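Undergrad: The following block contains the structure, expressed as structure tokens.
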Amino acid sequence: MSAQSNRTWDRRSILRAAAGLAVAAPLAACGSNNGRGGGSGSGKRLTQMFHAYGEPGVEQALKRYAAAYKKADVATQWITSADYESKLFATLLTDNAPDVFEFHPQIQMVKSGQVADLSDIVDPVKADFNAADIKSHTVDGKIYGVRMIDDPQFFFYRPSLFEKAGVKVPETLDELIEAAAKLTTGKMKGVYLGNDLHSIVNPLIWSAGADTLDDKNRIAYHTPGVIEGLKKLRGLFASGHLLLGAPTDFWDPSSLSQGLCAIQFCGMWAMPQFQQALGDDLGIFPFPKTVDSGKPSVYNGGWSMFVNAKGDNVDAAKEYVKWLWVDQKQYQEDFATSYGFHIPPRSSIAAAATKLKSGLPAQGVKLFNDYGHFDNIGWTQAMIQATWDVIADCVRKDGDPEAALDTCDKAVTRELKKLFG
Amino acid sequence: MSTTTKPALTGPAPAKAAPARTWRGLRGSRTFNFWLFVSPFLAGLIIFIYVPIGWSVYLSFFDARFTVTPSNFIGFDNYTYMLTDPKFVHSLGTFTVFAAFIVPTTWAVSLGLALLVNRLRFMRAFFRSVFFLPTACSYVAASLIWKMSLFSGVRFGLMNTVLGWFGIDDIAWLASPDPPWYWLVIVSARLWLQSGFYMILFLAALQNIPAELYEAAAIDGARPGWQTFRHITLPQLRATSTAVVLLLLVAAYQAFDEFYNLLDKTTWGRPPLVELYYTALGTEQDYGAGSAGAVILTALIVVVTLFQGRIMGFGRGEESK
């Protein structure tokens, strides 16, 4: 009897312990690893947040710069998922929000008081920055971000394949579609625009002679030229000459360098990797004219540093951003040219960047200067999302472009009303 | 004799036993034990389930963009917005299609596997483990394998390689909704992931069917195979089948990972949770509308589950067999 009751008692205590553990485990999981790292005790702790750059060495470089900063411990959050913006937006609402983060200039972050005014650290060196980069970060005379790098996006191609197929560099979207057809073989598709085609939305709009928004923040993309472009793109999508479902997305150089396609839409950042894989058999050209009345275009994307205005350490964060992205020019140059190629937004650094002075990189800089369109701070993520839906609805799905643009108009108008009244 | 021992025993006892009795009394108390066992789980349930649900309901009545502590009360506006939002309504349709595919196929495949494994004479443990193993795999990992290697759109994707042997052109499985190949990718991934688990449930139920029933059936002249399966095995599995179907439906409602990871920037193939994720946590950060959608969805799940329980008799215990 007593032996038996002892046994039940044991089982009970085990159950009790297990129950306790089951509750304690998720609680413990909540508390640990918030990316802030251990403290070595040199004053304040800061967290910086970056999307995962594809080029080897970038993460180490950023951590190296941070380690060299003496006034605070800076921990790095490296976000590897494809939707950096969702992760960022969600994290910014929590206590684990980073103190500084990289993103693109978007006005809703200013309006919601999410990003701090950085005018006082940028103003003294304003003249050294690309004027367009300053403009795209300015709202009502205040500058809200420090541009780190400019990343022009254009097509990369293999001239040897063009020669073999008897194709010349396309100057219109029609010529691009034709070239894709001629370049397609049993093992290789003509052109790659990324798996979901979202990266060419803006170039398609600009090359049709339209724009995302006009100067007064009104819809400017809903034009006959854009509709024509979307129809052409649908034709290309359904032709079988477009690479789809590739293992890597447009920002990764693998599709072209591994011979899955003859032309790939990508960015300046991947140029060193392309050159390494393909040697001299590499050329670039801008997004061609969508319609005959249009003009070739290049999206001058890039990344900027912002300070979380709702963080606990706004001043320390601003000081860090000033130290790294305003004062430390050797780090800025290292970041722009040692891993991928990026165009330094500061003219003094751009002038010293010898790697970008000759050959293909110099051609990339020329495309950036001749055909480049910079970010419009009024064009926010919700509007960008709406244009992605246009591509999904009338290019990937065989929908009516007019109807797709109407749906987009509704979403953009809703957003515009919230932002500008 | 007895009269002398009694006071002797009762005399010193209270002084010694008093602390022990309260402890033992506590241990013996049903109320104390009830709370001892229930409170850890109850605390977890309240903190991680009920508080968030309550907060969702609260948020759903506010204009909560870019904040989870809103101040602008807007009544039922979020509900009107979600119920008239074609995307959200469409997502319910997507779920229905998904459930129509996945519930019967998983039911049939896991039952089939269980029947096969149950009849094995050797290496039964091995096969049982082999089929169960995918359950341990993460949905995200499986989605990435499905997307990048099995169903990649390029010529060296596994499916395209196989099709290539028959001279069929490469198919970009996930690029376009027309033809809707993406359903094949999504359903096959989930089928692989979850069939093993439900196989174990069926296996346990199969082993619970008394052998006498089969003997009696054989004596009565039932042929082994289909006839026995149809009239003995299947009815005996009714309770398990009902549970499996219910669990599958709940799992289908919760589908998120594979849709989210397999379909990039689409306007189709979004079940409710994915749609709500994009509403609340996507670019719009509209927690009010997202919460309203979540409340609508919860109400729907409750109604469907109650209805299903009613028609299938789940939870009525033994007599439902």
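Undergrad: Name the residue, out of A:A262, A:A238, that is surrounded by 24 or more Cβ atoms within 10 Å (Cβ to Cβ) and more than 24 Å from B:L144 (Cβ to Cβ).
TA: A:A262
Undergrad: Can I ask one more? Among the residues of segment A:360-398, which ones are facing another protein chain (nearest Cβ under 9 Å) and not in a helix (DSSP H, G or I)?
TA: Answer for segment A:360-398, where residues must be facing another protein chain (nearest Cβ under 9 Å) and not in a helix (DSSP H, G or I): A:T380, A:K397, A:D398.
Undergrad: A further question follows. What residue, among those in segment A:44-53 that are in contact with a Ser or Thr (Cβ under 9 Å, 6 or more places away or on another chain) and crowded, with 18+ Cβ neighbours inside 10 Å, is farthest from A:P272 (Cα to Cα)?
TA: Among those that are in contact with a Ser or Thr (Cβ under 9 Å, 6 or more places away or on another chain) and crowded, with 18+ Cβ neighbours inside 10 Å, it is A:T47.
Undergrad: Pick from A:S160, A:S239: which is on the phi < 0 side of the Ramachandran plot, hydroxyl-bearing (S, T, Y) and in contact with a strand residue (DSSP E or B) (Cβ under 9 Å, 6 or more places away or on another chain)?
TA: A:S239
Undergrad: Separate question: If we keep just the residues of segment B:267-295 that are of a type in the set (D, E) and farther than 14 Å from B:V89 by Cα, which is farthest from the chain's Cα centre (by Cα)? Outline the logic, then answer.
TA: First, the residues of segment B:267-295 that are of a type in the set (D, E): B:275, B:284, B:286.
With farther than 14 Å from B:V89 by Cα added as a condition, the list becomes B:284, B:286.
Working: B:E284: 29, B:D286: 27 Å.
The extreme case among them is B:E284.
Undergrad: From the set of residues in segment A:336-390 that are charged (D, E, K, R) and within 19 Å of A:K135 (Cβ to Cβ), which is farthest from the chain's Cα centre (by Cα)?
TA: Within segment A:336-390, the match that is farthest from the chain's Cα centre (by Cα) is A:D370.
Undergrad: Turning to a different aspect of this structure: Output the helices (runs of 4 or more DSSP H) that fall wholly within segment B:221-302 and possess 3 or more residues being away from every other protein chain (no Cβ under 14 Å), or say none. Please lay out each step first, then the result.
TA: Values: elements: B:238-253, B:257-262, B:272-281.
Ranges flagged: B:238-253.
Undergrad: What helices (runs of 4 or more DSSP H) completely inside segment A:142-251 contain at least 1 residues that are more than 14 Å from every other protein chain (Cβ to nearest Cβ), in contact with a helix residue (DSSP H, G or I) (Cβ under 7 Å, 6 or more places away or on another chain) and over 21 Å from A:P288 (Cβ atoms)?
TA: It comes to none.
Undergrad: Which of (1) exposed (fewer than 15 other Cβ atoms within 10 Å of the Cβ); (2) touching a residue at least 12 places away in the same chain (Cβ under 8 Å); (3) within 21 Å of A:K322 (Cα to Cα) is the odd one out, the single condition A:A127 does not satisfy?
TA: Every condition holds for A:A127 apart from (2).
Undergrad: What are the residue pairs meeting all of these: first residue in segment B:135-157, first residue more than 9 Å from chain A (Cβ to nearest Cβ) and in contact (Cβ under 8 Å) with a residue 12 or more places away in the chain, second residue surrounded by fewer than 22 Cβ atoms within 10 Å (Cβ to Cβ) and of a type in the set (S, T, N, Q), Cβ atoms under 7 Å, and 6 or more apart or on different chains?
TA: The qualifying pairs are B:T135/B:Q194; B:V140/B:N261; B:S143/B:N261; B:L144/B:N261.
Undergrad: Could you say whether any residue in segment B:294-302 is over 23 Å from B:F197 (Cα atoms), crowded, with 22+ Cβ neighbours inside 10 Å, in contact with a helix residue (DSSP H, G or I) (Cβ under 7 Å, 6 or more places away or on another chain) and not charged (D, E, K, R)?
TA: Taking every residue of segment B:294-302 in turn, at least one turns out to be over 23 Å from B:F197 (Cα atoms), crowded, with 22+ Cβ neighbours inside 10 Å, in contact with a helix residue (DSSP H, G or I) (Cβ under 7 Å, 6 or more places away or on another chain) and not charged (D, E, K, R).
Undergrad: Right, something else. Just wondering, is there one or more residues in segment B:91-111 that are more than 22 Å from the chain's Cα centre (by Cα), farther than 18 Å from B:L193 by Cα, away from chain A (no Cβ under 14 Å) and surrounded by fewer than 17 Cβ atoms within 10 Å (Cβ to Cβ)?
TA: The answer is no, given that none of the residues of segment B:91-111 is more than 22 Å from the chain's Cα centre (by Cα), farther than 18 Å from B:L193 by Cα, away from chain A (no Cβ under 14 Å) and surrounded by fewer than 17 Cβ atoms within 10 Å (Cβ to Cβ).
Throughout, read-outs are computed from the coordinates displayed, never taken from laboratory work. Computed from a prediction, not measured in an experiment: that's the story for all the values here. Note: ideal-geometry Cβ built from the backbone for every residue, glycine included; neighbour counts use all protein chains shown.
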